[in-house]
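K.L.:
I have a structure I would like to understand better, so I am pasting it below and will then ask my questions one at a time.
The values are calculated or read from the model by the stated rules, or taken from the named source; none is laboratory data. As the structure is a prediction and not an experimental result, all values here were calculated from the model. Neighbour counts are summed over all protein chains in view; Cβ atoms, including those assigned to glycine, are modelled from backbone coordinates with ideal geometry.
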Amino acid sequence: MRKQVLWKWGIVSFISLFAISLFSTPQPLQAQEKRDFFKVGVVTSLSGELSFGGTMTKQGYDMWADAVNQQGGIDIGGKKFKVQLVYADDQSTPATAAVAGERLITQEKVDVILGPYASGTTLALAPITEKYKVPHITGSAESPLIWQKKFKYTFGTIPTVTLIAQASIHTLGQDVSPKPQTIAIIGMDDAFSKFAAEAFRTAANKNGIKVVRFDIVPEGTDYTSSVSAAAALKPDILAMGSHEKAAMEIIKVSKELKFNPKAFVQHYGMSNPDFQKGLGKDSEYVFGTSVWTPNLKHEAKILFKTPNEYADLFKAKYGAVPDYTNAGSTAAGIAFQEALRMIKASPPLTQAQKDALVGTLEKLDVMTFYGPIKFATEGEYYHDNAGLQPIALQYQGGKLVEVGPGKLKIVAPKYPMPTWDKR
């Protein structure tokens, strides 16, 4: 009994101390070190369940830092300052993301932070950057919960999933014949994936596609029962609101069960090269969405002039075609770069300069290889770069091609896909 009481007291004490740490006014940091470079903290998933995506954010952030440093650094009033990225692994867990962010701020004394791959870890990091008043841009996270909380110091270069994920369903609902009539949706129970699943349901309702099953399940479990339940209803579409690893498992289970929907739709991860490597030929015909591809016609003057130029440099460095998470992460660095240049702030940043940086990010309106970067300053997309156009993608002949919706189509979508025994 005593052990039980002590255990309960310990838990209560831990929670109380954590709450005090998180919401109390932070003590002033020690005097800043003298240096002639910007120290940029990066919190992302370098290990754990989300390491596939975390690697993509790292590649994107590294592309930015390498390109800036090759030019001598960020030009501040005629003098150039290089960038040093300081990485912290969030281990794919929100609690670790918060601890990692606090360490980067209080011990590494970073000027700014580039944020995590996932929405759950971003939602854990944002209160920390808010507490210490450190500018923070995520190049990946898509959950609308981030923007609904209206964090002053957090921004994002990728539009919310509620805007992006609908593109493939709109394409299937409007641009193929015969039009699909039914859809089953499986979503993972996390801050991002649930909203992807909801976006699929919203788009299906808009296009007159009947939702015959809507299932939210824990990530990392055995998906056999969920897939079996969906297969029994014989839907035309199976849509997966998930990261890439879960989607790969669901498709593998579907093949084992000889479940043959006419289309697989996934968000997010099918554009990650690891998705195709993991599934091989079984990735063929899968639909997904993006807000950036190398075929877009953006023209810019900052670091990378066109999407194609960026893609060529990325492929030379990493041996793969970049997807929009890579590009969005690089664009997050560019946003910091341009805002720092505009306020003419040299490192290390004072608190006044960090606050000025936030004000400048709110006014930023620049064209990049990734497209326009302009953060919303009010409403449900507060501090999100919500103005990009979602694009429907599909694997055809082992390559990702733009299949819609509407005028965004470069290649016609292939629907229905062949059954497993006829591939």
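K.L.:
Can you tell me which residues in region 164-215 are of a type in the set (D, E, K, R), in contact with a strand residue (DSSP E or B) (Cβ under 6 Å, 6 or more places away or on another chain) and under 23 Å from Ala229 (Cα atoms)?
P.N.:
Across region 164-215, the qualifying residues are Asp189, Lys194, Arg201, Lys210, Arg213, Asp215.
K.L.:
If I ask for residues that are over 20 Å from Glu102 (Cα atoms) and either in a strand (DSSP E or B) or of a type in the set (Phe, Trp, Tyr) (or both), which ones from region 29-60 would you list?
P.N.:
Residues satisfying the conditions are Phe37, Phe52.
K.L.:
Of the residues Glu284, Glu244, Glu219, only one is among the acidic types (Asp, Glu), closer than 26 Å to Lys179 by Cβ and buried (at least 16 other Cβ atoms within 10 Å of the Cβ); which?
P.N.:
Glu284
K.L.:
Scan (1) crowded, with 23+ Cβ neighbours inside 10 Å; (2) closer than 20 Å to Pro390 by Cα; (3) more than 23 Å from the chain's Cα centre (by Cα); (4) hydrophobic (A, V, I, L, M, F, W, C) for the single condition Ala230 breaks and write down its number.
P.N.:
Single failed check for Ala230: (2).
K.L.:
Quick one: which strands (runs of 3 or more DSSP E) sit completely within region 71-175 and have at least 2 residues that are more than 27 Å from Gln266 (Cβ to Cβ)?
P.N.:
Once the strands (runs of 3 or more DSSP E) in region 71-175 are filtered for at least 2 residues that are more than 27 Å from Gln266 (Cβ to Cβ), what remains is 74-76, 79-89, 112-114.
K.L.:
Restricting attention to region 311-324, report how many residues are in contact with a strand residue (DSSP E or B) (Cβ under 9 Å, 6 or more places away or on another chain) and either part of a helix (DSSP H, G or I) or not assigned by TED's automatic domain parsing to the domain that holds Met56 (or both).
P.N.:
Number satisfying all stated conditions: 1.
K.L.:
Would it be correct to say that Pro116 is of a type outside the set (Asp, Glu), modelled with pLDDT of 95 or more and buried (at least 23 other Cβ atoms within 10 Å of the Cβ)?
P.N.:
Yes: the conditions hold for Pro116.
K.L.:
Considering only region 249-301, how many residues are of a type in the set (A, V, I, L, M) and assigned to a loop (DSSP other than H, G, I, E, B)?
P.N.:
6
K.L.:
Then there's this: Given the options Gly319, Gly379, Gly359, Gly333, name the one that is at negative phi and surrounded by fewer than 18 Cβ atoms within 10 Å (Cβ to Cβ).
P.N.:
Going through Gly319, Gly379, Gly359, Gly333 in turn, just one is at negative phi and surrounded by fewer than 18 Cβ atoms within 10 Å (Cβ to Cβ): Gly359.
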